[in-house]
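Colleague: Before anything else, here's the structure in question.
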Amino acid sequence: MRARYGCRNHTAVSKNNNMSMNIRKCHIRQHKFFLFTILSALLGATAVWAQDQSQPDQTPLIRPQPVQPPKAMSGKWRGAGVTPYVGSDGGVLQAPVMPGVTAIRAGRLFDSKTGQMLVNQVVITSGERIIEVGPSSEIKIPTGAQVIDFSRATVLPGLIDAHTHMFNSRARNGITEKYMLIAVQNVQADLRAGFTSARDLSSHGNGYGDVAIRDAINEGRIDGPRYQVSTRSIAWSSTPANPANPDNPLGEQMVRSEEDGRAAVREQISKGADWIKVYPTGGYAFTADGDLVYQLTYPMPVLQAIVDEAHLHGTKVAAHVFGGEGEKNAIIAGCDTIEHAMGLDQEQADMMVQKGIYYDPTIVRYSEPSEDDSDARNTGGKYRMIPIFYKAVTMAANTKGLKICVGSGVDGSTFPHGTQGLELVALVEHGGMSPARVIQSATIVNAEMMGWRDRVGSIDKGKYADIIAVSDDPLADITEMQRVKFVMKGGKIIRNDMMQNASK
């Protein structure tokens, strides 16, 4: 573990060695300059060492190669059945079936770009993409297309969850096999609930298992959302490293200096991280007078080094914060998303607008009864965080220009996978957002935050055919988003509980 943090530049050491050789030559030739030469060498080496420590490591970062689609097995197949396909790891797969042409008649279609509900629309998909969309009077359905009649239903873009944890539990003793199986079940539940894309923010002590799940989905081995993942996340420790009790190599990567922070960023990106997850605040507590005190974690120079190193390599940073100085530091340092932030204030919200930072409240996860239970134990029932949190989210919703994401924080313990529709409901009921704006946040806003607006987040020609449907109008009743009945991802029908309306 310790060697991983020792990624400093060795230029100073090399120069010092060369100078030592020169000193030995001078000692033979010119004894009178012996002391002067030694002092010069030491001072020079010290100056170079100090300069090297102030600069980030410029060693080229090697990223893992993107997972490629499986390919047909080369040569003449001499085994059983049809010729299989081969994945990136050499394992064989069933030959992928490319979806054909499908026409969806939509009685109502949500336009996530404008927040408007369109009527009598037709969406044509071919393969994994949308090839046409528009009024039924203008779109001709191709001959032979599969026609799905949702003329009495509402069609929407596939939802995006900005904050998930595909792994429920924290692995112990390096045994992760059963947790991988649970993660597979979780991602499939999320997809069936209509979340065709997601961002996973830490593997909960399961190392780089989220990379393996993401790649398995991309390769077609299992069904699940399109994922961006943050692997182990990076946490602060003020306690010196102890070789007798090493840090958990599967858990949060502990850092104790700016150098550690930069090295951790580089390692996680090299292992496949799409995001870097940081924790600028720890817990919170109420004083006897009801004031909130938030635990500060990273010193600001360390947090800034982590963010700068991530941005240097084109990687975004998500900050788990509750409030206070750590929350403000995360905004100043330039973290790309602020997660939770129960203590968000107007000054911080305005700073986020100026910097183009997104806010992801995860309102359900941090307003559970257990939160009240904890506050009641710690304050004798005098003070509660949940009303403060609701007020912060409402303030954020009323801050002009602040982009709010829909992220659940779903982790399978007190918030089961597949129930994230609750988050959309909570943002309407407790965050003061309109149903249309909430659905926009769960689609086009989240797509923009993830850098995927060109491929998902709206039903547009050329984008992936990630489409869902519900029976009634969610703009009239946001709880309808808890009852997704049709899911298509990349043109493949994952779920259709309205089959009685389907025809060919």
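Colleague: Of the residues that make up region 150-164, is at least one open to solvent by 50 Å² or more (accessible area, probe 1.4 Å) and among the aliphatic types (A, V, I, L, M)?
Modeller: Just the residues of region 150-164 that are open to solvent by 50 Å² or more (accessible area, probe 1.4 Å), to begin with: 151-152.
Still in the running and among the aliphatic types (A, V, I, L, M): none.
So far as region 150-164 goes, no, none of its residues is open to solvent by 50 Å² or more (accessible area, probe 1.4 Å) and among the aliphatic types (A, V, I, L, M).
Colleague: Which one of the conditions (1) open to solvent by 30 Å² or more (accessible area, probe 1.4 Å); (2) modelled with pLDDT of 95 or more does G343 fail to meet, given that it meets all the rest?
Modeller: The number of the failed condition is (1).
Colleague: Right, P142: open to solvent by 10 Å² or more (accessible area, probe 1.4 Å) and of a type outside the set (A, V, I, L, M) or not? Let's see the steps before the verdict.
Modeller: Values: open to solvent by 10 Å² or more (accessible area, probe 1.4 Å): yes; of a type outside the set (A, V, I, L, M): yes.
Answer is yes for this residue.
Colleague: Moving on. Got at least one residue in region 293-300 being hydrophobic (A, V, I, L, M, F, W, C), buried (at least 23 other Cβ atoms within 10 Å of the Cβ) and either within 16 Å of E327 (Cα to Cα) or in contact with a helix residue (DSSP H, G or I) (Cβ under 6 Å, 6 or more places away or on another chain) (or both)?
Modeller: Step one: filter region 293-300 for residues hydrophobic (A, V, I, L, M, F, W, C), giving 293, 296, 300.
Then keep just the ones that are buried (at least 23 other Cβ atoms within 10 Å of the Cβ); that gives none.
Taking every residue of region 293-300 in turn, none turns out to be hydrophobic (A, V, I, L, M, F, W, C), buried (at least 23 other Cβ atoms within 10 Å of the Cβ) and either within 16 Å of E327 (Cα to Cα) or in contact with a helix residue (DSSP H, G or I) (Cβ under 6 Å, 6 or more places away or on another chain) (or both).
Colleague: Next up: Name the strands (runs of 3 or more DSSP E) wholly within region 99-158 that hold at least 1 residues that are touching a strand residue (DSSP E or B) at 6+ places or on another chain (Cβ under 9 Å) and of a type in the set (D, E)? It would help to see each step written out before you state the result.
Modeller: Numbers: elements: 101-111, 116-126, 129-135, 146-157.
So the answer is 101-111, 129-135, 146-157.
Colleague: Would you be able to tell me the number of residues in region 187-211 that are open to solvent by 20 Å² or more (accessible area, probe 1.4 Å), touching a Lys or Arg at 6+ places or on another chain (Cβ under 6 Å) and over 21 Å from K277 (Cα atoms)?
Modeller: Total meeting the criteria: 1.
Colleague: Ok, one more. Given the conditions (1) without any contact (Cβ under 8 Å) to a residue 24 or more places away in the chain; (2) closer than 24 Å to I467 by Cα, which single one is not true for A106?
Modeller: So the condition that A106 fails would be (1).
Colleague: Within region 330-377, how many residues are more than 14 Å from A162 (Cβ to Cβ) and of a type in the set (S, T, Y)?
Modeller: Qualifying residue count, region 330-377: 4.
Colleague: For region 463-470, check the following and say yes or no: at least one residue is buried (at least 23 other Cβ atoms within 10 Å of the Cβ), in contact with a Cys (Cβ under 7 Å, 6 or more places away or on another chain) and under 28 Å from V317 (Cβ atoms).
Modeller: Within region 463-470, none of the residues are buried (at least 23 other Cβ atoms within 10 Å of the Cβ), in contact with a Cys (Cβ under 7 Å, 6 or more places away or on another chain) and under 28 Å from V317 (Cβ atoms).
Colleague: Follow-up. For R221, indicate whether it is at pLDDT below 95 and in contact with an Asp or Glu (Cβ under 9 Å, 6 or more places away or on another chain). Give the derivation first.
Modeller: Working: at pLDDT below 95: yes; in contact with an Asp or Glu (Cβ under 9 Å, 6 or more places away or on another chain): yes.
When the stated conditions are applied, R221 passes them.
Colleague: Out of everything in region 406-431 that is over 23 Å from I357 (Cβ atoms) and of a type in the set (D, E, K, R), what residue ends up being most open to solvent (accessible area, probe 1.4 Å)?
Modeller: Here the residue is E429.
Colleague: Counting only residues that are farther than 17 Å from S408 by Cβ and either touching a Lys or Arg at 6+ places or on another chain (Cβ under 8 Å) or among the β-branched types (V, I, T) (or both), which one in region 432-450 is surrounded by the fewest Cβ atoms within 10 Å (Cβ to Cβ)?
Modeller: E448
Every residue, every condition in (1) modelled with pLDDT of 95 or more; (2) over 24 Å from V456 (Cα atoms); (3) crowded, with 18+ Cβ neighbours inside 10 Å, yes or no:
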| site | (1), (2), (3) |
| --- | --- |
| E177 | no, yes, no |
| L181 | no, yes, no |
| Q185 | yes, no, no |
| Y227 | yes, no, yes |
| L250 | no, yes, yes |
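Colleague: Which of the residues that make up region 346-374 are at pLDDT below 95, farther than 16 Å from V393 by Cβ and open to solvent by less than 60 Å² (accessible area, probe 1.4 Å)?
Modeller: Selection gives S370, D372, S374.
Colleague: Given the options T399, T414, name the one that is more than 18 Å from the chain's Cα centre (by Cα) and modelled with pLDDT of 95 or more.
Modeller: Of T399, T414, the one residue that is more than 18 Å from the chain's Cα centre (by Cα) and modelled with pLDDT of 95 or more is T399.
Colleague: Is it the case that A341 is within 20 Å of the chain's Cα centre (by Cα) and under 16 Å from M395 (Cβ atoms)?
Modeller: Details: within 20 Å of the chain's Cα centre (by Cα): yes; under 16 Å from M395 (Cβ atoms): yes.
Taking the combined requirement at face value, the residue satisfies it.
Colleague: Okay, moving on. So in region 305-321, with the set limited to residues that are open to solvent by 20 Å² or more (accessible area, probe 1.4 Å) and touching a Phe, Trp or Tyr at 6+ places or on another chain (Cβ under 9 Å), which one is farthest from T164 (Cα to Cα)? It would help to see each step written out before you state the result.
Modeller: Filtering region 305-321 down to residues open to solvent by 20 Å² or more (accessible area, probe 1.4 Å) leaves 308, 311-314, 316, 320.
From what is left, the residues that are touching a Phe, Trp or Tyr at 6+ places or on another chain (Cβ under 9 Å) are 316, 320.
On the way: K316: 16, H320: 13 Å.
Checked region 305-321; the qualifying residue farthest from T164 (Cα to Cα) is K316.
The values are calculated or read from the model by the stated rules, or taken from the named source; none is laboratory data. All values derive from a computational prediction rather than experimental measurement. Neighbour counts run over all protein chains shown; Cβ positions are idealised from the backbone, glycine included. These accessible areas exclude ligands, DNA and RNA; they are computed on the full protein's heavy atoms, side chains included. Shrake-Rupley method; radii C 1.70, N 1.55, O 1.52, S 1.80 Å.
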